[in-house]
Every structure is written in structure tokens, then in C-alpha cells.
1. Scanning for something over 29 Å from Tyr21 (Cβ atoms) and surrounded by 15 or more Cβ atoms within 10 Å (Cβ to Cβ), does region 122-141 turn up at least one residue?
2. Name every residue in region 57-72 that is over 29 Å from Pro129 (Cβ atoms) and surrounded by fewer than 15 Cβ atoms within 10 Å (Cβ to Cβ), in order of residue number.
3. Counting just the residues of region 166-200 that are hydroxyl-bearing (Ser, Thr, Tyr) and in contact with a Gly (Cβ under 9 Å, 6 or more places away or on another chain), which one comes out surrounded by the most Cβ atoms within 10 Å (Cβ to Cβ)?
4. Here is a check on your reading of the model: is Lys98 under 19 Å from Thr151 (Cβ atoms) and at pLDDT 95 or above?
5. Can you tell me which of (1) at pLDDT 90 or above; (2) assigned to a helix (DSSP H, G or I); (3) among the aromatic types (Phe, Trp, Tyr) is the one Trp10 doesn't meet?
6. Would you mind finding the one in Thr164, Thr171, Thr202 that is β-branched (Val, Ile, Thr) and closer than 20 Å to Lys123 by Cα?
7. Among the numbered criteria (1) surrounded by 12 or more Cβ atoms within 10 Å (Cβ to Cβ); (2) hydroxyl-bearing (Ser, Thr, Tyr); (3) free of Cβ contacts under 8 Å to residues at least 60 places away in the same chain, which one does Tyr12 miss?
8. Taking the stated definitions as given, is Arg75 of a type in the set (Lys, Arg), in contact with a helix residue (DSSP H, G or I) (Cβ under 8 Å, 6 or more places away or on another chain) and either at pLDDT below 95 or crowded, with 20+ Cβ neighbours inside 10 Å (or both)?
Amino acid sequence: MPTTKAAAKWSYDVHPSLAMYQSILAGMKEKTGRTLEEWCAFVQQQGPPTEEERRYWLRSSHGLGTNYAGWIAERSVGKGDDGDPATYLKKAPEYVDKMFAGPKAGLRPIYDALLTLAKKLGKDVRVCPCETMVPLYRTHVFAQIQPSTRTRIDLGLALKNTKTPKRLIDTGGFAKKDRISRRIEISSPADIDAEVQRWLKTAYEMDA
């Protein structure tokens, strides 16, 4: 079983959603008449003061869809992601540090142990932190590490409707067409036993 004495310094991978985001931004001027930067300048000059009001104004007065209006309103008040992979890679370790700060700091050794295990599955494992969880990708997301409480990490696994023992809790994901269909509750590094390793490997292999 992998163990860790201190918070490991990991290198992370660009989240797959950035490619979609960049593609959408690239086509924004053609579809809406302005680039994201041009929209932000326009909103700051002529739009209402708050993000929520700007979102509604962009939709009702300028006919923008929900996603466009949301991105523009968010960026116009200095929030959100600029879509740059370099920005994401700078933020990724910050997401993890904040996730395991304060009352959840004691869960960091579990996270490090799980990531050590996942990295050993293959060189094609990509680790792409979000603000509340850390998804693991091969072709698609095959697992995710989430500090659900102060005392527990949930290891989510993409196992479709595979029959599993009771320890693997059904998330309802398969019925909802979500990839993560099972989760294992882990409260200490000692919980990362042979069974956890086996099912993590199974999820990885199912995403070949």
C-alpha cells in the first residue's frame, strides 16, 4: 500500500474541458459579433453593475445563450477562467491545496496515497484538479478523488453497471448516465487495500 509522510508535490495535466472552452471562444466573434474581450469591454461600459444582472441583460437584451452570457458576465467582473492552459496549470495545485486545507488537512495523506497508486496504473493517466474534486482521466474520466467530509475521501469509479461488493456504493451514476457509478469511502491510508487497488485498476482498464 502506498504511504506518504508529507504533502507530495504533483505535476498536473490540462483539464479536457479547456479544449472545448477554447473552441467556443474561438468561434464567439463569428457567432455573436464580438470576441470575449470585446464583450467584456462593452458590458463594463454599458451593462448593469452586477454579474447576475449582466447575465440576464446579455440574454434578454442581446439574445445570447446561457453559456455565452454566463462566461461574459463572469469574465466582466474579473472571475472565471481565461481558457489558457498555463493559467489552469498554475491554478491546479492551488485547487488541491485549498481542497485539503483547514479541517480537511488530515485527508491529504490519503489523497497523496491514492494519487501515487493511480499514477502507477500507466503513463496515460492524467490528473486534472477542479475546485472540489480531482478527476483522473485516461480516455475519459475513470476515477475521481473527493474530500466529501472532514474525515472521509470518496474514491469515485467509472464502473458502469458492473456487479460489485457492498463496499462499493452505488452512486446512481449509471442510471443518470454519469460515468462515476460507484464510490468507496476511505478514512485513512490503511483503507487503501488490495480491494481498492483492484477496483481502481479495473476502472482504468475499462477506459482503454
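The values are calculated or read from the model by the stated rules, or taken from the named source; none is laboratory data. These figures come from a predicted structure and were not determined experimentally. Ideal geometry is used to build each Cβ from the backbone, glycine not excepted, and the neighbour counts take in all protein chains shown.
1. Scanning region 122-141, I find no residue that is over 29 Å from Tyr21 (Cβ atoms) and surrounded by 15 or more Cβ atoms within 10 Å (Cβ to Cβ), so the answer is no.
2. First pass over region 57-72, keeping only residues over 29 Å from Pro129 (Cβ atoms): 57-64.
Across region 57-72, the qualifying residues are Ser60, Ser61, Gly63.
3. Within region 166-200, the subset hydroxyl-bearing (Ser, Thr, Tyr) is 171, 181, 187-188.
If we keep only those that are in contact with a Gly (Cβ under 9 Å, 6 or more places away or on another chain) too, we end up with 171, 181.
Details: Thr171: 17, Ser181: 23.
Here the residue is Ser181.
4. Details: under 19 Å from Thr151 (Cβ atoms): yes; at pLDDT 95 or above: yes.
For Lys98, the condition - under 19 Å from Thr151 (Cβ atoms) and at pLDDT 95 or above - is met.
5. Result: Trp10 passes all but (2).
6. None of the other options fit; the residue is Thr202.
7. Going through the list (1) surrounded by 12 or more Cβ atoms within 10 Å (Cβ to Cβ); (2) hydroxyl-bearing (Ser, Thr, Tyr); (3) free of Cβ contacts under 8 Å to residues at least 60 places away in the same chain, Tyr12 breaks only (3).
8. yes
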